[in-house]
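What follows is one structure encoded as structure tokens, with my remarks underneath.
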Amino acid sequence: MKRMDKGTAAPTLMRPILDMPREELLAWLHEHGQPPLRARQIRRWLIAGRAETFAQMTDLPRDLRPALAAEFAPLGTRVARHLQAADGTHKLLLRLQDSELIECVLIQEDARRTACISTQVGCGMGCVFCASGLNGVARNLTSAEILEQLLRLRNLLPADERLTHIVVMGMGEPLANLENLLAALQVAGAKEGLGIGARHITISTVGLPAKIRRLADLGKQYHLAVSLHAPDDALRTRIVPTNDKTGLEEILAAATYFFEKTGRQLTFEYVLLGGLNDSADQARALARLLHGRQAHINLIPFNDVQGLPYCRPAQEALSSFVDVLRRAGISVKVRKRKGSEIDAACGQLRRSAQSQETVSLGMRQGDGE
């Protein structure tokens, strides 16, 4: 494992230029005697050209580059930590301008270069096994903060490589911040952007029926992954507390609507928690729940999280669960574990960093007493 910490110094308070509405940037350029095409040049450098400073934007006038640097930040995020696993997985802990922390991950497998990104600081869904939501949700990310995760991860790749896929499975509930996510994905999918087609983008949700229907009505070809984690409402509400406001019937009805509107096969995610939701009987109940649906199940053996009372399922339980589903004619795949030695499970690195900063702050306060 390689670890590259960037420290915890206070971030710049200059406005990130990607957060500026185009009209505002055009007005600023006009005040500085610059033509409108400069706005397009700046965005092209950041999004397609991999620039992380204004000085790198070599086709801008020499006097414009320092003028921009004096008032704006080219990127509003800062890499607080960069971890790299032996399997080629990278994890970035990004510090935002308000000092909040988020995570994103680059997964490299065969020809795929997949970015896993966050949409919120923390998460308000309260899934009992997830480190992201242990302290609740602080706020939604802006569209620029979502986009910058993609840029930061893309910039880790060699110049002749590009991101091929996006999975919106990091911190937060994506559909709770749908409008900002859609704005970021629009840039990611544009030819002058990152050129990632909608069919290569997966949005994961715990199941917000109204937002699933809204997404379906947009007519986009995004892939939708619905996190089930249980085959019945009683158990699911124990694992996913927000289920008591919706219920599986309403979530599955919205999923059916999504399939009918888009024609896109759905994925149902199921985190296996040893001794809680991994029995053969629960596998049979899950098969009955999804019978007749054009769906695929992605089984995710739990990654141990310090402080949580859950464990990975035994191999025999995992094998039995898979066998029951396949015998019922259900398409199923077990997700490979990537980046296990770098806290690649969602929320772990952020939580670790917050704990360290709390200890550090306490020590500094103690020194002053």
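The values are calculated or read from the model by the stated rules, or taken from the named source; none is laboratory data. On a predicted model such as this, the values are computed, not experimentally measured, just so you know. Using ideal geometry, Cβ is built from the backbone for each residue, glycine included, and neighbour counts are taken over all protein chains shown. Heavy atoms of the whole protein, side chains included, go into the accessibility calculation; ligands, DNA and RNA do not. Shrake-Rupley method; radii C 1.70, N 1.55, O 1.52, S 1.80 Å.
Give the carbon-plus-sulfur fraction of the accessible surface of the chain in %, rounded to a whole number; probe 1.4 Å, heavy atoms of protein chains only. In the chain, the share of accessible area belonging to carbon and sulfur is 50 percent. Ranked by the mean number of other Cβ atoms within 10 Å of their residues, highest first, the peptides 272-280, 148-156 come out as 148-156, 272-280. Contact order, relative form, for the chain: 14 percent (alpha carbon pairs under 8 Å, 6 or more residues apart, mean separation divided by residue count). Pairs of Cα atoms nearer than 8 Å and 6+ residues apart set the relative contact order; for the range 90-181 it is 33 percent.
Measuring against 27 Å, Cα to Cα, the residue pairs Lys261/Lys336; Lys91/Lys336; Lys191/Lys261 contain Lys261/Lys336 as the ones spanning a longer distance. Val332 exposes around 20 Å² of accessible area when a 1.4 Å probe is run over every protein chain in place.
Within 10 Å, count the other beta carbons around each residue, average over each peptide in 117-127, 89-99, and list them highest first.
Result, highest mean first: 117-127, 89-99.
Counted over the chain, the DSSP beta bridges are approximately 50% antiparallel.
Per residue, how much accessible surface does the chain expose to a 1.4 Å probe? Answer in Å², no decimals.
Per residue, the chain has 46 Å² of solvent-accessible surface.
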